[in-house]
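> Okay, here's the structure, questions in a sec.
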């Protein structure tokens, strides 16, 4: 199992998110979100349901144990008893692609937090501006 801890700051500097990238199977990567994001920062009514914010909960106890062990062993601050990863429609088959997905997710999340616009609305705009690659 391969791991990498990484932090991404959005292009506007509004959001910084720490991730644990984990190869959960050969050529299958997940990005576990280790930052508690305040989705109601600009609007107390902002929806923070998992579907809306493109997160999935990890329920596999072996994977959870591995992730939480890595967090403890590397003194990474994470106090949430739940574990979430980025919801993406396609399989992520390399660490490089996982990093690009995490970058896109951060940029889209920052815009959602600030303006409440859906990921699907901002995705083509960010891609067109060259901020994200896919």
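> At 222 nm, what helix-only mean residue ellipticity would the chain give, in deg cm²/dmol to the nearest 500, using -39500 (n - 2.57) for each DSSP H run of four or more?
Values: 3 runs with 44 residues, N = 134.
Rounded to the nearest 500, the figure is -10500 deg cm²/dmol.
> On a 0 to 90° scale, report how tilted helix 61-73 is relative to the longest principal axis of the chain, with both axes built from alpha carbons and the result rounded to the nearest 10.
Taking the Cα atoms of the chain, the angle to 61-73 is about 90 degrees.
> Tell me, what is the percent relative contact order of region 3-128, built from C-alpha pairs under 8 Å that lie six or more residues apart?
Values: 157 pairs, mean separation 36.9, N = 126.
Relative contact order here is 29 percent.
> Exposure proxy check: 29, 88 ranked by fewest other beta carbons within 10 Å?
Details: 29 25, 88 18.
In order of increasing Cβ crowding within 10 Å: 88, 29.
> If I take R0 = 35 Å and measure r between the Cβ atoms of residue 40 and residue 134 in this structure, what FRET efficiency does the formula 1/(1 + (r/R0)^6) give, to the nearest 0.05?
Numbers: r = 29 Å, r/R0 = 0.83.
Efficiency at R0 = 35 Å is approximately 0.75.
> Sorting 108, 15 on the 10 Å Cβ count, fewest up front, what's the list? Walk me through the intermediate numbers first.
Details: 108 24, 15 21.
With the fewest neighbours first, 108, 15 line up as 15, 108.
> Which angle between 0 and 90 degrees, to the nearest 10, do you get for helix 95-115 versus the longest principal axis of the chain when only C-alpha atoms count?
Compared with the principal axis, the helix lies near 40 degrees.
> Shifting gears a bit: Using Cβ counts within 10 Å as a stand-in for footprinting exposure, how do 64, 125, 103 rank, fewest first?
Details: 64 16, 125 13, 103 23.
The most exposed by this proxy come first: 125, 64, 103.
> On C-alpha positions alone, give me the angle between the axis of helix 119-128 and the longest principal axis of the chain, in degrees, nearest 10.
Between the helix axis and the principal axis of the chain, the angle is about 80 degrees.
> Which of 66, 80, 122 moves most in a GNM of the chain, Cα contacts under 10 Å?
In this elastic network of the chain, the residue with the biggest mean-square fluctuation among 66, 80, 122 is 80.
> Among (i) 0.99; (ii) 1.01; (iii) 0.95, which is the computed Rg/Rh (Cα atoms, Kirkwood Rh)?
(iii)
> Report the gain in length on full extension from residue 12 to residue 50: 0.36 nm times residue separation, minus Cα-Cα distance, nm rounded to one decimal.
Values: separation 38, 0.36 × 38 = 13.68 nm, distance 2.39 nm.
Full-extension gain reported as 11.3 nm.
> Could you give the length gained on full extension between residue 1 and residue 120, defined as 0.36 nm per residue of separation minus the Cα-Cα distance, in nm?
On the way: separation 119, 0.36 × 119 = 42.84 nm, distance 3.22 nm.
So the chain would gain 39.6 nm between residue 1 and residue 120.
All of the numbers you see were taken from the coordinates with simple rules; none came from a lab. Just so you know, these numbers come straight off a predicted model, no measurement behind them. As a convention, Cβ positions derive from the backbone with ideal geometry for all residues, glycine included, and neighbour counts pool all protein chains shown.
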